[in-house]
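One structure is given here, and the rest of the page talks about it.
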Amino acid sequence: MVPRVREVAPRARGTGGSHHTAVQSTPRGPKARRPPPGESKVRACGTMEYVTRIVIIGGGPGGYEAALVAASLGAEVTVVDCDGLGGASVLTDCVPSKTLIATAEVMTTFDSSYEELGIIVEDDTPHIDRPARVVGVDLGKVNRRVKRLALAQSHDITASVTRAGGRVMRGRGRLEPGQAPDGSRKVTVTAADGTSEGLIADAVLIATGAHPREIPDALPDGERILNWTQVYDLDELPEELIVVGSGVTGAEFAGAYQALGSRVTLVSSRDRVLPGEDPDAAAVLEDVFRRRGMNVMARSRAQSAKRVGDRVEVTLADGRTISGTHCLMAVGSIPNTEGIGLEAAGVKLTDSGHVWTDKVSRTTAPGVYAAGDCTGVFALASVAAMQGRIAMYHFLGDAVTPLNLKTVSANVFTDPEIATVGYSQADVDSGKIDARVVKLPLLRNPRAKMQGIRDGFVKLFCRPGTGIVVGGVVVSPRASELIHPISIAVDNNLTVEQIASAFTVYPSLSGSIAEVARQLHSRKTAGE
C-alpha cells in the first residue's frame, strides 16, 4: 500500500503525546530522532509529521475501538472485516441476545404482576381466580427487530470509524510471515470475489473474535438444532426447547425462552448452573429457574443430538434421552485464529488456539497486537474494547495503563441479573486474598419490597485492615446498573467507610450497597 500523503500545518511539540505522531521541528543536537520505521513523512512549512500505518484484522469491539483511538492519534488506519463492523458482539451475540432478553423481561413482568403487584390483565380466558397466561409473543416480529437493531448498530459503528478517518475494507485478512527491513509487516486482504490486495502496516492488531463450538454428534442444522447465531432466524417460538450448556450463554437463553413461553430443559454437565459465577448468585438463579418451571438437569453431559421427524432427541452420556421440538447448543466458543498466518508470522498460540498476549496486548511477534475473544482473556465486549485501545495507546506512544482484570465488571443478563467485579468468593475461599464478606438479601430493602422483588442480594468484599473494597456481587433486576458504584470503589481503592458515608436515595435498591458497606465498616471498627 502506498502511504497516504497529506499536508500538515506547523504545531508545537506536545509534552506527552505519541512519539509516532509528534511533529518534529528542526533537529536540535543529540536529541533529534530519525523517523520511526515504516512511517511515511510529510514536510510542510519546515515541519515533518510521520504517519503511522495501522491495519486491524477484525471489526468487533476490539477492532473498531482500536481504530477510533489510532485515528484520533493521527495514524492511518485500515480495518479489515468480512461480516460488518461490530463483529459477532453486535451482529450475532451481545446486541441481539440482549435485545431478545429485553422482550423476555417484559414478559416476566406480566407473568409476575398478578402475584406480586396485584395487576390483572383480563380477557375471555379463565377467571382471575385461576391465573393463566394471557400475554403472548410474536417471535418472528421480535427477531426481525433484533436483526434490524443489530444492523443499525453496525452501520453506526462503520460511520464512526470512517468519520474519524479510518478505511474499512470488506474481506478476510491474512498476516504474511516476516518483517521488512524497516520493521513493517504485510497483510493480504482477500475479497469475496477472490481478488486480493496487500497492505503494508507498521503495526497489526488481530481482533478476529470467536465462533460457536460444535459437538461432532450434535451439529447444528439451523432449523431444529441451533447454535446461538441461528436462533434469530426462528419465526415461531420453540414449544419445547432443550438448552445444552449452563454457562452464561446457556443460562441467558434458557431464561429468556422460558419467559417468552417455551418449556425449557437446561442440560448442565456440572453440579450447578453458572459454575464459573459466585456460588450464592448461581444458587439464587437456579432456584428461580426451577420455581418458574424450568427442568434443570445437573451433572448431565450431552453426548449427541439428532433430528427425529419434527423433534430433536438429545442423548446423555449416561444413556438417558431427552426429547424436544428444538435444541440450542451453547457449549463454548473457538477462537478465529486458524488460516490467517499467525504462527508463521511468529505469533504464539495457546493450546486452546487463543493468541497469547501481555498486559498491553502485545503478541510474541514484534509489531503485532491482539484483542478480544481471540485472546481468551475475558469473553466480554468491554474487555475486548479496552484491549484494543490499550494496544493503540501503547504502540503509538501515548500514556497507557496495562490491563487489570481485577477491575473488570461483568454481568449475566438473566432474570435476576448477576453482576460482579473484582475478587470473588472463590478467591476468598481459596485463600488467594484475605477479605471480609457481608451479604445482604434484597428482601430487607424497602424499594425491593415495593417492586415485588423477592430474589437477590448485594455482597461486598473488603480488606480486613484497611476496609478497602476489593470486590462485589449484585443479584437483582438491573444489576448491570447497580454494579457501577462498586466498580468505581474497586478501581479507586475506596473504603467501605467512604461508601457508607455517601448519600443514597431512599428508598432505592442502591441503598443496599451502602447498608452492606456500613455493616462491613462496623465489623472493621469492632475488630472482628
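Consider TYR257 against the criteria (1) touching an Asp or Glu at 6+ places or on another chain (Cβ under 8 Å); (2) more than 16 Å from SER323 (Cβ to Cβ); (3) buried (at least 21 other Cβ atoms within 10 Å of the Cβ): it satisfies all of them except one. Which criterion is unmet?
Of everything listed in (1) touching an Asp or Glu at 6+ places or on another chain (Cβ under 8 Å); (2) more than 16 Å from SER323 (Cβ to Cβ); (3) buried (at least 21 other Cβ atoms within 10 Å of the Cβ), TYR257 misses just condition (1).
Return the residues of the stretch 423-482 that are assigned to a strand (DSSP E or B) and either within 18 Å of LEU405 (Cβ to Cβ) or polar (S, T, N, Q) (or both); say none if nothing qualifies.
PHE461, ILE468, VAL469, VAL470, GLY471, GLY472, VAL473, SER476
Within the stretch 186-196, which residues are over 18 Å from THR208 (Cα atoms) and either surrounded by 15 or more Cβ atoms within 10 Å (Cβ to Cβ) or not acidic (Asp, Glu) (or both)?
So the first thing to find is which residues in the stretch 186-196 are over 18 Å from THR208 (Cα atoms), and the list is 193-196.
Those that are over 18 Å from THR208 (Cα atoms) and either surrounded by 15 or more Cβ atoms within 10 Å (Cβ to Cβ) or not acidic (Asp, Glu) (or both): GLY194, THR195, SER196.
Tally the residues that are in a loop (DSSP other than H, G, I, E, B) and of a type outside the set (D, E, K, R), restricting the search to the stretch 401-422.
8
Do we have any residue at all in the stretch 334-349 that's farther than 30 Å from ILE57 by Cβ and surrounded by fewer than 18 Cβ atoms within 10 Å (Cβ to Cβ)?
Checked against the condition, which is being farther than 30 Å from ILE57 by Cβ and surrounded by fewer than 18 Cβ atoms within 10 Å (Cβ to Cβ), the stretch 334-349 yields no hits at all.
Test of understanding: among LYS432, LYS406, which residue is without any contact (Cβ under 8 Å) to a residue 12 or more places away in the chain and either surrounded by 19 or more Cβ atoms within 10 Å (Cβ to Cβ) or among the basic types (Lys, Arg) (or both)?
LYS432
Across the stretch 148-164, what is the total count of residues that are of a type outside the set (Ser, Thr, Tyr) and buried (at least 16 other Cβ atoms within 10 Å of the Cβ)? Break it down into steps so the answer makes sense when it comes.
Let us first name the residues in the stretch 148-164 that are of a type outside the set (Ser, Thr, Tyr), namely 148-153, 155-157, 159, 161, 163-164.
Going one step further and asking which of them are buried (at least 16 other Cβ atoms within 10 Å of the Cβ), we end up with 149-150, 153, 157, 161.
Count: 5.
Among the residues of the stretch 185-237, how many are without any contact (Cβ under 8 Å) to a residue 60 or more places away in the chain and touching a helix residue (DSSP H, G or I) at 6+ places or on another chain (Cβ under 8 Å)?
Residues in the stretch 185-237 being without any contact (Cβ under 8 Å) to a residue 60 or more places away in the chain and touching a helix residue (DSSP H, G or I) at 6+ places or on another chain (Cβ under 8 Å): 1 in total.
State all residues of the stretch 345-387 that are small (Gly, Ala, Ser) and either in a loop (DSSP other than H, G, I, E, B) or without any contact (Cβ under 8 Å) to a residue 24 or more places away in the chain (or both); if no residue qualifies, say none. Walk me through it before giving the result.
To start, the set of residues in the stretch 345-387 that are small (Gly, Ala, Ser) comprises 345-346, 352-353, 361, 365, 367, 370-372, 376, 379, 381-382, 384-385.
Correct list: GLY346, SER352, GLY353, SER361, ALA365, GLY367, ALA371, GLY372, GLY376, ALA379.
How many of the residues in the stretch 476-491 are open to solvent by less than 90 Å² (accessible area, probe 1.4 Å) and free of Cβ contacts under 8 Å to residues at least 12 places away in the same chain?
Selection size over the stretch 476-491: 1.
Filter the stretch 435-475 down to the residues that are among the charged types (D, E, K, R) and open to solvent by less than 60 Å² (accessible area, probe 1.4 Å), then identify the one that is modelled with the highest pLDDT.
Residues of the stretch 435-475 among the charged types (D, E, K, R): 436, 439, 444, 447, 449, 454-455, 459, 463.
Checking which are open to solvent by less than 60 Å² (accessible area, probe 1.4 Å) leaves us with 455, 459.
Details: ASP455: 95, LYS459: 98.
Here the residue is LYS459.
The values are calculated or read from the model by the stated rules, or taken from the named source; none is laboratory data. Keep in mind the model is a prediction, meaning the values are calculated, not measured. Please note: Cβ atoms are built from the backbone with ideal geometry, for glycine as well, and neighbour counts cover all protein chains shown. When the accessible area is computed, the model is the full protein with side chains, heavy atoms only, and any ligands, DNA or RNA have been set aside. Shrake-Rupley method; radii C 1.70, N 1.55, O 1.52, S 1.80 Å.
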